[in-house]
Structures are given as C-alpha cells and as structure tokens.
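Beneath this line is the structure, given in structure tokens, with notes to follow.
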Amino acid sequence: MWKNSFSTHSFGILSILFAAALWGTTGAIASLAPDISSLAIGAFSIGVGGILQACLSLKQLRSDFGKILLHKKKLFIGVIALTIYPLAFYSSMKFAGVAIGTVISISTAPFFCVLLERLFGKEQKITKQWLSRFFIGVAGIILLVTSESATVDHAVQDMKSFGVLLGIAAGLTYATYSWVAKAMIDSGIQSQAAMGSLFGFGAMLLLPTLFINGDNLFSSSTNVIVIVYMALIPMGLGYIAYGFGLRFVTASSANVLTLFEPVVATVLAIVIVGEHIALIGWGGIVLILTCLLLQSCNSSTSY
C-alpha cells in the first residue's frame with residue numbers, strides 16, 4: 001500500500017513537471033509571432049485550449065454536472081481568475097521580457113496559493129520543510145530577476161516594472177484557479193470535469209475578445225503555427241497533465257513544482273529569443289532546481 005501511494009504521488013509530481021515544461025515554451029514560441037498582440041495570444045491559446053479541454057471532458061462533465069453546480073461560486077471565481085491570467089501573463093512577458101515575466105508570474109503563485117489554502121481550505125499548517133523549500137526557490141528567482149535586470153536599458157525600466165506588476169497579478173490569478181480546481185477535485189469531482197468546466201467557461205469569456213485584439217492571427221503561416229501550438233500543446237496537453245497531477249498533490253505543492261516552468265522559459269529565452277542571463281542568474285536556476293528536487297523527494301503531500 002505504501003509503495004502504491006508513493007508511486008501515484010511520484011506520478012502526480014512527474015505529470016505536473018511535464019506540464020510546467022510545456023508551459024515554459026510559451027514565451028519563446030510567442031516571440032516568433034511579434035505582430036500578434038500578447039492579449040490575443042493569451043485569449044486564443046486559453047480560449048481554444050479551453051474548448052479542447054471541455055470537449056475532451058464531455059463524458060466527465062455530464063457525469064459530475066450536479067456536483068459542479070454545488071460549487072458554482074467557486075467555479076465563478078475560478079473562471080474569472082482563469083480569464084485574467086493569460087492576459088496578465090503574456091502581457092507581463094511582453095513588457096518585462098520572457099524570462100522575468102515567466103519567473104514573476106509562476107514564482108508568486110505558491111505564496112498566493114498557500115494563503116488561499118490557509119484562509120479557505122482545511123489543509124495542515126505550513127511546515128518548516130515547506131517554507132525552507134519555498135524560500136530556496138524564491139532566492140533563486142530573486143537571483144534570476146537581478147541578473148536579468150542588469151541587461152535592461154534605463155529607458156524601459158518603467159515598462160519592466162509594469163510587467164512585474166502584471167506578473168504578480170498573473171501569479172495571484174494562477175493560484176486562484178489552481179486552488180479552485182483542487183477544491184473541486186477534492187470534493188469528488190473528476191479532474192477532467194473540474195478542469196473542463198473551468199476552461200470551458202473561461203473560453204466563452206476569452207474568445208470574444210479576439211474580435212477586438214485578434215489582428216494578424218492568421219496573417220502568415222508562422223503565426224498560424226504559433227497559435228495552434230500554443231492552444232494544443234501547452235494549453236491543451238499541458239493542462240490535462242496538470243489536472244491529473246492535482247489528484248495526487250496539494251495545490252500549493254503543485255505550484256512549487258511549477259517553478260520548473262521559469263527555468264525552461266529562461267533557457268529558451270536565451271537560446272531562441274536572444275535574452276542574456278548573467279552568471280548570478282544561472283546560480284538562481286540551480287537554486288530553483290534544488291527547490292524542485294527537495295519537493296519531489298518529499299513523498300508527503302503536506303506543506
């Protein structure tokens with residue numbers, strides 16, 4: 001029994017790390033289509049990905065429809081958070097850079113998620129072990145942001161600061177809909193039904209915005225490839241894996257594991273986008289990976 005519990009927890013961790021790796025590609029891939037607005041990329045990727053999620057979850061949605069209605073207030077909050085998240089996230093990368101935008105957006109999520117679980121959940125108290133892992137990750141993130149800021153011209157400092165604020169907003173909304181999804185799953189709703197309902201309703205809010213900011217989505221083959229990739233791979237496959245992983249780990253632990261995303265995003269920002277990270281930034285990556293290793297080795301789901 002212990003071995004089975006350990007293996008399912010480990011599989012949940014691997015599923016979330018896989019999702020985080022896919023999400024880490026979004027900033028670099030989006031940079032290949034600079035004539036598409038960040039708002040349009042966010043709305044299209046989450047919108048189409050949300051429709052895909054809902055379609056793949058039709059059987060589970062029908063089965064759990066009554067249970068989902070019992071959580072309509074949480075569902076409403078989660079849908080609003082999900083709608084805001086991609087707009088803030090992709091705009092943050094546009095103003096602050098792929099590496100910093102991703103790092104801020106994802107690194108702030110565990111903090112907000114713990115607050116939500118402590119305020120509204122029934123989880124255990126925060127342990128020293130979780131705090132130590134969290135602060136190791138935060139230290140790595142600070143090093144990354146510091147190293148990146150050294151390469152930014154003074155003329156764009158205001159834009160960068162605005163991008164950081166958008167990243168914090170993205171972290172809050174990301175944590176919010178993650179917590180809602182976890183709460184729904186813990187209440188007995190199947191993971192695909194929980195994610196399908198959140199993303200299905202979110203898509204209904206996001207897709208109409210493309211009538212306003214959706215210029216150039218299909219103006220070139222490169223643009224088409226970019227938006228199709230974003231919708232099907234990170235937003236489609238990635239969130240299926242994430243929803244599965246949430247069955248076996250807490251939302252706060254899952255958000256710590258997603259610190260793998262900014263590591264992937266930073267490497268791709270250097271290789272594809274041409275951003276530069278100083279040596280101190282690579283030290284930050286090592287700390288983030290250390291945080292991930294400690295989190296992955298701990299088979300307990302408490303925090």
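The values are calculated or read from the model by the stated rules, or taken from the named source; none is laboratory data. On a predicted model such as this, the values are computed, not experimentally measured, just so you know. Here the Cβ is made from the backbone with ideal geometry for all residues, glycine too, and neighbour counts use every protein chain on show.
Residues in the stretch 32-74 that are of a type in the set (A, V, I, L, M), out of contact with any Ser or Thr (no Cβ under 6 Å at 6 or more places or on another chain), more than 24 Å from A96 (Cβ to Cβ) and assigned to a helix (DSSP H, G or I): V48, I51, L52, A54, L56, L58, L61, L69. In the stretch 263-292, of all residues being within 20 Å of the chain's Cα centre (by Cα) and not aliphatic (A, V, I, L, M), the one that is farthest from L17 (Cα to Cα) corresponds to G284. Which ones in the stretch 110-137 are at pLDDT below 80, part of a helix (DSSP H, G or I) and either under 19 Å from T290 (Cβ atoms) or touching an Asp or Glu at 6+ places or on another chain (Cβ under 6 Å) (or both)? Across the stretch 110-137, the qualifying residues are P110, F111, E117, K128, Q129, W130, L131, R133, F134, G137. The set of residues in the stretch 84-125 being touching a Gly at 6+ places or on another chain (Cβ under 6 Å) and either buried (at least 24 other Cβ atoms within 10 Å of the Cβ) or small (G, A, S) (or both) consists of P86, Y90, S92, M93, A96, V98, G101, T102, I104, S105, A109. Within the stretch 165-182, is even one residue assigned to a helix (DSSP H, G or I), surrounded by fewer than 17 Cβ atoms within 10 Å (Cβ to Cβ), small (G, A, S) and at pLDDT 90 or above? No, the conditions are met nowhere in the stretch 165-182.
Here S197 qualifies as over 14 Å from the mean Cα position of the chain (by Cα), modelled with pLDDT of 85 or more, buried (at least 23 other Cβ atoms within 10 Å of the Cβ) and of a type in the set (G, A, S). Among the residues of the stretch 206-219, those identified as free of Cβ contacts under 8 Å to residues at least 12 places away in the same chain and either outside any helix (DSSP H, G or I) or surrounded by 12 or more Cβ atoms within 10 Å (Cβ to Cβ) (or both) are P208, F218.
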